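First comes the structure, then the notes that go with it.
The values are calculated or read from the model by the stated rules, or taken from the named source; none is laboratory data. Being a predicted model, the structure only gives us computed values, none of them experimental. Cβ coordinates were reconstructed from backbone atoms using ideal geometry, including for glycine residues, and neighbour counts include every protein chain displayed. Please note that ligands, DNA and RNA were not included when accessible areas were found on the heavy atoms of the full protein model with its side chains. Shrake-Rupley method; radii C 1.70, N 1.55, O 1.52, S 1.80 Å.
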Amino acid sequence: MLFIYNANIVSIMGVIERGGVFIYEGKIEQIVENHDMNSFLVENPNVELMDAKGAWLLPGFIDVHVHGGNGFDFMDASLESLQGISEFHAQFGTTTMLATTVTSSKENIEKVLQSVENLQEKGQLTAQIIGVHLEGPFISPNKLGAQNPNYVVPPRLDWIKEWIDKFPGVIKILTLAPEKEKAVEMIRYGVEQGIVMACGHSEAVHEEMETAYEAGLTHSVHMFNAMSGIHHREPGVVGSILKNEGVSTEIIADGEHVHPVCIDLLTKLKNKDNLLLITDAMSAAGLGDGIYNLGGLNVVVEDNVARLKEGGNLAGSSLTMIEAFKYMVNEVGLTVPEVSKFASYNPAKRLGVENQIGSINEGLQADLLLVSKDLHIEKVWKKGELLKF
């Protein structure tokens, strides 16, 4: 039993100033407002106390689009890599994530699916990997970003059916280019199987996007990046996503992938329930400048910006969630509660797990962050357990 008190608690309903959260058996048992604090302490004299000293208490971050960190890549498909990525990002506030693949061979993607299923069976110590985000290989060769062109293939429904049969429930998001032949058929099938179908690495026109929405597409990855831009005579992927409030999208907030003015416009035009903060982090995150590998392609990181050695395209990021969070507050000008929603509740809602994680609410899993007023991570709890790094 733990009672965190004197915290500025960020909940979906607003900020509870100088409030308290009672954690019991890994869950949020009770939220206590300041005026009820004394009576709670009288009724629970044996509870362990932790004074937050006025810091923010946030729900743990949920990163639905992350490739690696601290030298590890999910494509390694090893237990060591999965645990290494989990432990690294947990230090910076991520308590739940999706292992995100890159465009690669069928065999390599299948190894990732197998590794995540194996890890889920064994249980985890830090950030929980609750499934896989398949980014590619069913994308446009003309919007590669940093994806390997050697492995791009048209949508293969037979692959998806095989993977779902072998690894039921593991695939949570599937990103594809909806303009590709058989894409609409794959979208319909994925939705039937409970998978969030997403647009990405696409040069679709507005009409093709509308067809994809009708088939069940509800998400899009890294807004503005590797997608057809908006034009006054052709809205493209960007314009189509901005228009459709029922479609969620992601943003990489590092000052390199998207200009802060464009992020600001996005937050004004897009339904704020449908904007997700992500890292798109690669293995270089946490290691600094150097030469790295992403999906078989050489990546140069200089001044913490990752680009392909050949061609210079941006290649994921070296972001952590707390750095992206800071950028949204300090550079874009949003409030802490607004950004908390992007980083926690909205991803949980998109994945359909908002009744388990993603907010500070009684009965939910106690995934919590104590964050200083200048937005530094002070403590991380996963299922009520204080993580030590």
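Rolling a 1.4 Å probe over the protein heavy atoms leaves I357 with an accessible area of roughly 10 Å². For volume of the Cα convex hull per residue in Å³, the value computed from the atomic coordinates appears in the list (1) 143; (2) 170; (3) 126 under label (3).
Loop-only GluC sites (Glu not before Pro) in segment 273-369, please: DSSP not H, G, I, E or B, and at most 10 other Cβ atoms within 10 Å.
Values: sites: E302, E310, E323, E331, E338, E354, E362; in loops: E310, E331, E354, E362.
Listed in order of number, the matching sites are E310.
Using a Gaussian network model of the chain in which every pair of alpha carbons under 10 angstrom is joined by a spring, one finds that among H65, H206, H259 the greatest mean-square fluctuation is at H259. When the convex hull of its Cα atoms is viewed from all sides, segment 109-246 shows a mean projected area of 8.8 nm². Heavy atoms of the protein chains alone define the surface here; on that basis segment 138-194 has 47 Å² accessible area per residue at 1.4 Å probe size. Computed over neighbours whose Cβ is under 15 Å from that of D273, the net charge equals +2, Lys and Arg +1, Asp and Glu -1. Here the sum of -39500 (n - 2.57) over DSSP H runs of 4 or more residues, divided by the residues of the chain, equals -8000 deg cm²/dmol at 222 nm, to the nearest 500.
With every protein chain present, what is the per residue accessible area of segment 7-116 (1.4 Å probe, Å²)?
40
Checking the Cα-Cα distances for K27/K161; K106/K379; K180/K309 against a 32 Å cut-off, the pairs over it are K27/K161; K106/K379.
Considering only DSSP beta bridges where both residues belong to the chain, give the percentage that are antiparallel (nearest 5). Before the final figure, lay out each step's value.
On the way: 36 of 69 bridges.
So the antiparallel bridges amount to about 50 percent of the total.
The convex hull of the Cα atoms of segment 183-254, projected and averaged over all directions, covers 4.8 nm².
Among DSSP beta bridges lying fully in segment 229-344, give the percent that are antiparallel, nearest 5. Kindly include the intermediate steps, with their values, before the conclusion.
Numbers: 11 of 16 bridges.
Antiparallel bridges: around 70 percent, rounded to the nearest 5.
Note on segment 187-253 and segment 128-146: Cα centroid distance 14 Å, given to the nearest whole angstrom.
Averaging 1/r over each pair of different alpha-carbon atoms in segment 225-380 and inverting the result gives 17.0 Å, the Kirkwood hydrodynamic radius.
Please compare each pair in K143/K383; K143/K388; K122/K373; K182/K270 to a cut-off of 32 Å on the Cα-Cα distance and tell me which ones are over it.
Too far apart for the 32 Å limit: K143/K383; K143/K388; K122/K373.
In the chain, taking the dipole from charged Cβ atoms about the Cα centre, the farthest positive-side position among V47, Y292, I85 is held by Y292. Computed in the context of the full set of protein chains, the accessible area of segment 6-162 at 1.4 Å probe radius has 45% of its extent on carbon or sulfur. A 1.4 Å probe run over the protein chains yields, for segment 256-362, 41 Å² of accessible area per residue, whole-number rounding.
Of D51, D280, D289, which has the largest mean-square fluctuation in a 10 Å C-alpha GNM of the chain? Highest fluctuation among the options: D51.
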